[in-house]
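First up is the structure itself, then whatever we jot down about it.
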């Protein structure tokens, strides 16, 4: 379990641009869209864009990955970085990659209200304040 994570009570379907996506609602009311759903939304909204991942480092049970999102012309639009310890998840390399993909999509400025529930939970607990994100115009 990730530090500060709460048990999910329910899931709900939210409609975004005519498509339904699943959102998890935690007991404290924080709503979270899993990365797989954010990727699905990205693929529907940005059909010609690409998500490119790169394993930066892997050693002794630790992995760092980066993700670059490029438009249909190959222009860089967003970056995300993710890391994971083997003790946190069995598939720590894949998890680091998933974190990087989720952050890159969030850094595009889309669906940020569902992106990082753990930052919001930590803020509630007084352990930090999430950074404000600005939407990118294309």
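Label separation (residue 55 vs residue 34): 2.3 nm, computed from points 7 Å beyond Cα along the C-beta direction. Taking the average, over residues, of other Cβ atoms within 10 Å as the packing measure, peptides 56-64, 33-41 rank 33-41, 56-64 from highest down. With only the Cα atoms considered, the stretch 38-82 has a convex hull volume of 66 Å³ per residue. Here r is the Cβ-Cβ distance between residue 12 and residue 90 and R0 is 35 Å; the resulting FRET efficiency, rounded to 0.05, is 0.80.
Give me the Å³ per residue figure for the convex hull around the C-alpha atoms of the stretch 1-108. Present the calculation step by step, with values, prior to reporting the outcome.
Details: hull volume 10.8 nm³, N = 108.
Looking at the stretch 1-108, the number lands at 100 Å³ per residue.
Values in this text are rule-based calculations from the coordinates and carry no lab data. As the structure is a computational prediction, the values presented were derived from the model and not from experiment. Heads up, the Cβs are rebuilt from the backbone with ideal geometry, glycines too, and the neighbour counts pull from every protein chain shown.
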